1. With solvent modelled as a 1.4 Å probe, how much accessible area in total do chains B and C shield from it at their shared surface, in Å² to the nearest 100?
2. Under a straight-distance cross-link criterion of Cα-Cα below 22 Å, which lysines are reachable from C:Lys309, leaving out those fewer than 8 residues away in the same chain?
3. Just to be sure I follow: if Rg is taken over the C-alpha atoms of chain A and Rh is the Kirkwood radius over the same atoms, what is Rg/Rh?
4. Given R₀ = 22 Å, FRET efficiency for A:Asn192-A:Trp48 by Cβ-Cβ distance, to 0.05?
5. To the nearest whole number, what is the average tally of beta carbon atoms from other chains within 10 Å of the beta carbons of peptide C:127-137?
6. Rounded to the nearest 100 Å², what is the sum over both chains of accessible area buried where A meets B, with a probe of 1.4 Å?
7. How compact is segment C:96-209 by the rule of thumb for globular proteins, expressed as Cα Rg over 2.2 N^0.38 Å?
8. Once you sort the root eigenvalues of the Cα gyration tensor of the protein assembly as shown as a ≥ b ≥ c, which label holds: rounded (a/c under 1.5), prolate (a/b larger than b/c) or oblate (the other case)?
Amino acid sequence: MGIYDITTKIIKSIAYPSEMVPPITEEDDGHHHFDPETEHSSMKLGMWLFLATELLLFGGLFAAYAIYRAKYPEMFMNGSKSLDVVLGTVNTVILIFSSLTVAIAVKAIQENRIKLVKIMLWITIVCAAIFAVNKYFEYSYKFGKGIFPGTDIFYSIYFAATGVHMLHVFIGMAVLGVLLNKVYKGKYSKDNFTAIEVGGLYWHLVDLIWIYLFPLLYLVG
Amino acid sequence: MSDTSETNYLDNGKGFASWFYTVDHKRIGVMYLIAIGIFFIIAAFASFLIRWEHLTPGEGIVSAHTYNVLFTLHGSMMVFLFIVPGVAASFGNFLIPLMIGAKDVIFPKLNLYSFWLYLLGASIFLFALAAPADTGWTFYTPYSIDSGTNVIMITLGVFVLGFSSILTGINFIVTMHKLRAPGMTWDRLPLFCWAAYATSLLQVLATPVVGITLLLLIGERYFGLGFFDPAKGGDPVMFQHFFWFYSHPAVYIMILPAMGIISEVMPVFSRKPIFGYKAIAYSSLAIALISFLVWGHHMFVSGQSKLVNIIFSVITFAVAVPTAIKVFNWLWTMYKGSIELSTAMLYSLAFIFLFTIGGLTGLFLGALAVDVHLHDTYFVVAHMHYVMIGGTVFGFFAALHFWYPKMWGVMFDEFKAKIAFVLIFIGFNVIFFPQFILGTLGMPRRYFNYAPEFESLHQLSTYGTWIIGIGFILMMYTLLKPIPGEAGPNPYKSLSLEWSMDSPPPPLNFDKIPTITEPVYNYGTKIEKES
Amino acid sequence: MNWLPTSASTFAEGVDFTLWLATIISVISCILIGFLLIYFVIKYKRKTDNDPTPAITHDSFLETLWTIIPTILCIVIFIYGYVYYDQYTVTPKNAVEINVTGKRWIWTFDYSNGKKTLNDLYVPINQPIRLVMQSDDVLHSFFVPAFRVKQDLMGNRYTYINFTATKEGVYDLYCTEYCGASHSNMLGKVHVLSKAEYALWEDGSAKKVKSASADIPLDKLGEQLYTKNGCVACHSIDGSDGIAPSWKALFGAKRAFTDGTSAVADENYIKESILYPTEKLVTGYGPIMPSYKGLLDDKEITAIIEYIKTLK
């Protein structure tokens, strides 16, 4: 068994643990079935609760921002001016656009328009990738000029906030990727689309956080 | 009675894979129970060494650095690997679907992932033992930035454990909203479930804040961020604010489920309905909400302003009132009841008394002038252990004994268990009551060395650890060696749903989901109408 | 047995009163609850398996009672705690300022007349004092149980304590915010002197008069100074290495320094290390030792050298 087979086996055992275990009873296939209404509303409630945790996670960063900006107003003005507003604006537009495409994907699956779903999800993922590449350029430029996370408090906040946000962009890309893969396998339809809706919600949050970060970091002064 | 040809959740599938990959909430609950039990024992052993060191003032059996490592290990392992997951992850997982009439939780696979995340977090945490942290479980900066020990590893472990906590909380909340049996309205939900619900709210809303705090601490050490480092323009007090914003709600994560257990045990062994059901349910929610507003009472002498101190002091006293109400409600459940002093009942009664002491001493600490004297002394150590051991651990032990026949299908020797209870009760008080006095006399916390005038109190406290140690070993022996013979589905004649099926329960809990038509604690004859 | 230290400041009286109040309320509550627990368990013990029990779930009178009484008690304790705290945070107009610096693991006190002491704080009785405090490194906390005062020290701002000592004597000072390996050795003493004695001390003559240093052998004096002046926080005497070289077998040993040179540890070397600690830094150690210039006189330095000589 090669590395590829072992990796696939491990991923399968994590993604489908019940298949590693014999079924409980004859009529049980390892999955608990609930009526579609319960399944739909419970997944949405679960995702909204999870989004609340993300808001609190970033809330800490925003609180730190507020406190330190009040303490070092000039440092924040200068730091903000040193950031690339053009690149930041481009990134903001890209992310907002990607929220639109994922929203269209959610609408499309509710109308069984599978091809449209695929296109929209692809565009969303590509937008996320462009965002990541732009941020890579921004970071490299700063490092090249000798500006690092520990340089001063403003840059500490800049790198910490955009870094944690970037982590969430990657997670979002992975989530959308998994959803796209399942669309290709024909798992979703207008009677079973909750996962796409819920994944879309997550992506909207990632976008929303950036919409707050951008002016606070790039547009001060 | 029970049909032995039908399988139960313990027999259904054997071997490592059938447990490690299970999505059965009962098996997951049992695995959590064993895991937290192991870490409890390791962390308790660390405290045993700490107290042994304190038999004499100077250097005893360990060096100063080892001592600092020991109290850090004891605190962080007890908090993050035992008591925060604690009752919720073990008994919560096992009981909630059974109590609400469901076949499992709403997201069974997520439940398994929560457990795997717990194992991953625990592994990372243990990995840090190569050069274990010596910062105290509170990781205060700037010391935690400078310390040459494995702070990054241990905080990363805690971060991962936080995810386990959050996902469990989400699972419980959605389960209770969506999977209650027909007829089980919110005012017929067992109080253990109400407690778990309030706990889950705290887990979901508070844990992310410690997540970002520890992430930023890792950033300070690894990337040189300057948030909390005064040398870089940062503010160490801000770390304390962030840390306690989670860690205060966290202490209610620790106590609420245990209170839920008491609410379940008291009616059964008094054969009376719980007194003041609504008051207990709503006070759990009130405590959860208010707990977000009192974190600054850990920081009265940190340099924060007088006004801020006053506000936190006021709200701290406010949160004491719902708790007092609960104590009286439990007490009054016994009034005119028919009381059986089972082991579970003994632990519950001890909980009520010891938690009262713990809670009252919290008032001392909430009073500003008094806290100036008592902060960072052994008084705080005694207070926290009265609520965490006298409260949560005694509640946990009550649960171990109460649901024992349901979980394992057999009974334990009540006589031995009661002797163990007496030893544990006495031992606990001998350890910690003297520490209140050490505190008022001014003995600081986290002190390796101490002034000779404190020696006799320290020695008395250490003797208590030997008593409680024997009691604990006897308790474990009793629980691990059951009496032969089947327990039957409902040996205590409880009216709660989890006792309505075989012991141990079948894998899918209910053959047919029941319909609920009566209040949950329907004990007693209706002589007096509900007012 | 005593459960509180001696009460030696104006603030201590208020703290002790509130503490007693809270204790009495707590004791009465615990006795009440304990009594009810035991009484109910005995009186309502199960007699048969089918004892009739009333389904009591509410009692408006009782529930109101046990909501209102705890609320009132909480308000009372809060008020006393607040009032005394409030008085304590107000600096009296005639307060004398003393600067406090905490650094691992020594307290340094700078007085307004230019005097400087280590680990020993001297104050006159009945004189309001305001401590202006800062840390040189990690968090520390200044705690004098006899005065009931406590405040954290940090690196980026000043913090303050007001107190007025009301009883002559020598009181323990503890660091009470965990600060690393020698946290429990970061100790000091607060000397509350009568006005007359304090004037003598300010002059510089009191210390000699009060201490028995004139009478005891030099190496024994050195041993006392080892603890009093905080050397114990960093230098061990049993050979175990820590943040600073051990004094065991130090005298006469060869030392290698970070600038490449080396020397034998004789009297001059030790005296230089005490007064100018960063001049010759032993390899493997950091430049963290504070200078004792102005804090130890020649006789005390000699005493320390003699003590080190006895540590073979």
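The values are calculated or read from the model by the stated rules, or taken from the named source; none is laboratory data. Keep in mind that what you see is a predicted model, and the values were worked out from it rather than measured. Neighbour counts run over all protein chains shown; Cβ positions are idealised from the backbone, glycine included. For the accessible areas, the whole protein counts, side chains as well, though only heavy atoms, and no ligand, DNA or RNA atoms are used. Shrake-Rupley method; radii C 1.70, N 1.55, O 1.52, S 1.80 Å.
1. Summed over both sides, the interface buries about 7500 Å².
2. Excluding near neighbours in sequence, the set is C:Lys220, C:Lys228, C:Lys248, C:Lys254, C:Lys271, C:Lys280, C:Lys293, C:Lys299.
3. That ratio equals 1.06.
4. Once rounded, the FRET efficiency stands at 0.65.
5. The per-residue average across the peptide is 1.
6. Working: alone 12940 and 21270 Å², together 30770 Å².
Looking at A and B, the buried total is near 3400 Å².
7. Values: Rg = 13.5 Å, N = 114, 2.2 N^0.38 = 13.3 Å.
Computed over Cα atoms of segment C:96-209, the ratio equals 1.01.
8. oblate
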